[in-house]
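S.K.: This is the structure I have questions about; it appears just below.
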Amino acid sequence: MRKITSILLLAWLALAGIMNAQSLPFTPATISDGMFNPGTQYYYIKISDQSKYFYIDGNDVKLTTTKGNADQFAITGNTTDGFKIYKKGDTNNLIYLTNTTSNSVDNVSYGNSNTNNTWTLFNESGRNNAFYQIGPCTSASSKACTLNKHDNETSLWTWTHENAPGSADCKIVFEIGDVEPAVLITYQFNVNGVESSKEVLAGIGRNFPDIDWPAFCQGTKPEGTVSAEDEGTTKEINVTWNGPFNFSSTVENAKWYLMTLAKASNGKLPVVRYNPSNQYITLEQGDNTFTYAKNDQWAFVGNPFDGFKIYNRALTNGRLISSTTMTGTEGQNTFPYVSADALQSGYTDTWDVYEQGVGGDQSEIPGGFAISQHNTPANKINRRWQNSANGGTDFRMAYWTTGSDNGSTFTVSQASLPNITLNTVNGTSYASFYVDYPVVVTSDNVKVYTGTVHNNSLEMTEAGDKIIPANVGVVLISETGATTAEISISDEAGTLALGDLTGTTTGQNIAGSLSNYLVLGRDASDLTKVGFYRPNGTQIPAYKAYIYLAGGNVQGLAFNFDGATTDINSISATTNKQEIYDLSGRRVMKANKGLYIINGKKCFIK
């Protein structure tokens, strides 16, 4: 039976017409000393009826509808020994069949395989430059391994078939065409000071190739037509970024944001927060309030052309990653990866952002955007509990290949930090504060001070820029009696120098050493006086400032503004013999609340 099958196949091949030297639609190339010989002709290869061109993507042979982005190929061999297909400029790798034992479909790859890399070409009847291909089905001699594509995928495959190669339900017809004269140029993109480059093939005499702009980007490609003199040149293109965040080239100069992901069923936006108790990014439905912790802050490093790495501020080199091994029904968790090393195969840490405009109520979130794997928009980040898994109680941030909402909607902000609460005494409000990253006070009626211990008083220095630097304890004062101070994450380090005020971001137990600490409060013997005094409790709350004194003999410190000691309420009334001026230089009869110049000294009146 096998002999009969082989005879039938040989008879079919004779009728089909294997290409002979006269009918070849290309000029075979030759290789010497690992190089294509001078004068080698290169070609585009495309599917005839679909205008889809071969191109190489890593180890995959894929199809694209854009000829300008298609790769160029050289073909070596003859009708007796078969043909091999190389990419221009690369004689170490070629197109080969991954597996020859399958009875259905196998992937076609690009690499340095020394087997399964020889193809037989057959003429398509009536078409001089058209052909179809079969590969070496060595373990299934009665089958034909015919080049084809798999459904609507962009990858190239082979199919095996019981019938002779070239059957209508098995083959795809290819065309080969001369490469038009072209030059290789570089597009150099400048996006808000961050650079990215891309090599493009430009046909001589044609307009410069179009640019596939990433989301939120606008720019203008070079004008005019391409000439031979453009070979090897760089075309600089300024790009405008209109995205929802600013990005940086390195994490050291990053801009940090607070981030939310999708609406919960209660209509609120859950906080994207790194939880050190587990590896996952959790999105509790009721967790809609940011904290002062670095765990809530994220930065985008990279650019919209090459993708972004998304870092967490609490972790050095900690960035958002996920496995790329998943299905449409089983996603993968996202989690921070703490390492400067490159990821191992099967993981991604590079992401694209794109405009979010579909999917239920997702488009109703102002400033919203979606995130997907770089160059793979179908692989996107979603909120796992939106599906029915675990009864709708799985709040992890997940990474899926499908989803009706096209990816959950992210938002970012620098201004969503909680307000600082101020306590009012005699019409003036106070609070101490401490964080380990810079923030700026945005409330007009609140000033920022730090203090230095000197001669049993606390000499106060004001921050003119109202920035609270990282790890600098401060006192916030509102002369208008404001009860809250609004703050935002600052992009600037601030100019306020470190004084004697320090603080804690986690809370500090001071039991057994109360005499060494002073905290903002009121004098126990005179509740109208505000300053730094011995604490009443044994715990200093997180994000509060304090003074540590090794001696432990000081009961309290008064504020000293601009060199004038002003024990709070030390001047509660004035006489006609005192010369009193306000800060505008006008003489007044009586000092009420605020700063005054009394007998040549600045005094702070409560």
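The values are calculated or read from the model by the stated rules, or taken from the named source; none is laboratory data. Fair warning: this is a prediction, and the values are worked out from it, not measured in the lab. Backbone-built Cβ (ideal geometry, glycine too); neighbour counts: all protein chains shown. When the accessible area is computed, the model is the full protein with side chains, heavy atoms only, and any ligands, DNA or RNA have been set aside. Shrake-Rupley method; radii C 1.70, N 1.55, O 1.52, S 1.80 Å.
S.K.: So in segment 236-263, with the set limited to residues that are open to solvent by less than 40 Å² (accessible area, probe 1.4 Å) and either of a type in the set (Ser, Thr, Tyr) or touching a helix residue (DSSP H, G or I) at 6+ places or on another chain (Cβ under 9 Å) (or both), which one is nearest to Tyr292 (Cα to Cα)?
M.R.: Ranking the qualifying residues of segment 236-263, first place goes to Leu258.
S.K.: Now for a different question. Cβ-Cβ below 6 Å, separation at least six or inter-chain, first residue in segment 191-204 and closer than 21 Å to Tyr55 by Cβ, second among the aromatic types (Phe, Trp, Tyr) and part of a strand (DSSP E or B): which pairs?
M.R.: From residues that are closer than 21 Å to Tyr55 by Cβ, the pairs are Ser196/Phe189; Lys198/Tyr187; Val200/Tyr187.
S.K.: A further question follows. Only one of these conditions is not met by Tyr347: (1) at pLDDT 85 or above; (2) open to solvent by less than 50 Å² (accessible area, probe 1.4 Å); (3) over 16 Å from Ser408 (Cβ atoms); (4) not aliphatic (A, V, I, L, M). Which number is it?
M.R.: Of the numbered conditions (1) at pLDDT 85 or above; (2) open to solvent by less than 50 Å² (accessible area, probe 1.4 Å); (3) over 16 Å from Ser408 (Cβ atoms); (4) not aliphatic (A, V, I, L, M), the odd one out for Tyr347 is (2).
S.K.: Could you check Asp71 against (1) under 35 Å from the mean Cα position of the chain (by Cα); (2) exposed (fewer than 14 other Cβ atoms within 10 Å of the Cβ) and say which number it fails?
M.R.: Failing condition for Asp71: (2).
S.K.: While we're on this one: Just to verify a result, which residue in segment 210-231, among those that are open to solvent by 30 Å² or more (accessible area, probe 1.4 Å), farther than 28 Å from Ser248 by Cα and touching a residue at least 12 places away in the same chain (Cβ under 8 Å), is nearest to the chain's Cα centre (by Cα)?
M.R.: Checked segment 210-231; the qualifying residue nearest to the chain's Cα centre (by Cα) is Glu223.
S.K.: Right, next: Six or more apart or on different chains, Cβ under 6 Å: which pairs go from a residue in segment 32-59 that's part of a strand (DSSP E or B) to one that's surrounded by fewer than 14 Cβ atoms within 10 Å (Cβ to Cβ) and not hydrophobic (A, V, I, L, M, F, W, C)? Could you list them?
M.R.: Lys52/Thr65
Yes/no per residue for (1) open to solvent by 70 Å² or more (accessible area, probe 1.4 Å); (2) charged (D, E, K, R); (3) assigned to a loop (DSSP other than H, G, I, E, B):
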| site | (1), (2), (3) |
| --- | --- |
| Ile477 | no, no, no |
| Ala482 | no, no, yes |
| Gly494 | no, no, yes |
| Thr502 | no, no, no |
| Gly512 | yes, no, yes |
| Val519 | no, no, no |
| Leu527 | yes, no, no |
| Asn536 | yes, no, yes |
| Ala545 | no, no, no |
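S.K.: Residue under question is Ile85, and the condition is that it be at pLDDT below 65, buried (at least 16 other Cβ atoms within 10 Å of the Cβ) and not in a loop (DSSP other than H, G, I, E, B); does it hold? Before the answer, list the steps.
M.R.: Numbers: at pLDDT below 65: no; buried (at least 16 other Cβ atoms within 10 Å of the Cβ): yes; not in a loop (DSSP other than H, G, I, E, B): yes.
In short, no.
S.K.: Further question: If you go through segment 300-326 one residue at a time, how many are part of a loop (DSSP other than H, G, I, E, B) and in contact (Cβ under 8 Å) with a residue 24 or more places away in the chain? Explain how you work it out, then say what you get.
M.R.: Of the residues in segment 300-326, the ones part of a loop (DSSP other than H, G, I, E, B) are 304-306, 313-317, 324-326.
Imposing the further condition that a residue be in contact (Cβ under 8 Å) with a residue 24 or more places away in the chain reduces the set to 304-306, 313-315, 317, 324, 326.
So the answer is 9.
S.K.: What are the residues in segment 417-471 that are part of a strand (DSSP E or B), of a type in the set (A, V, I, L, M), at pLDDT 95 or above and open to solvent by 10 Å² or more (accessible area, probe 1.4 Å), if any?
M.R.: Here is the first cut: in segment 417-471, the residues part of a strand (DSSP E or B) are 420-421, 423-425, 428-433, 439-441, 447-454, 457-462, 467-468.
Checking which are of a type in the set (A, V, I, L, M) leaves us with 420, 425, 431, 439-441, 448, 453, 458, 460, 467-468.
Okay, now just the ones that are also at pLDDT 95 or above, so 420, 431, 439-441, 448, 467-468.
Hits for segment 417-471 are Val440, Ile467.
S.K.: So for segment 150-159 (the condition being surrounded by fewer than 18 Cβ atoms within 10 Å (Cβ to Cβ) and at pLDDT 70 or above), does at least one residue qualify?
M.R.: Yes, because at least one residue in segment 150-159 is surrounded by fewer than 18 Cβ atoms within 10 Å (Cβ to Cβ) and at pLDDT 70 or above.
S.K.: Let me ask something additional. Would a scan of segment 281-293 turn up a residue that is without any contact (Cβ under 8 Å) to a residue 24 or more places away in the chain and part of a loop (DSSP other than H, G, I, E, B)? Full working, then the answer.
M.R.: Initial filter on segment 281-293 (without any contact (Cβ under 8 Å) to a residue 24 or more places away in the chain): 286-287.
When the remaining residues are screened for being part of a loop (DSSP other than H, G, I, E, B), the result is 286-287.
Scanning segment 281-293 turns up at least one residue that is without any contact (Cβ under 8 Å) to a residue 24 or more places away in the chain and part of a loop (DSSP other than H, G, I, E, B).
S.K.: Could you tell me whether any residue of segment 161-182 is open to solvent by less than 40 Å² (accessible area, probe 1.4 Å), in a strand (DSSP E or B) and either farther than 25 Å from Val61 by Cβ or modelled with pLDDT under 75 (or both)?
M.R.: no
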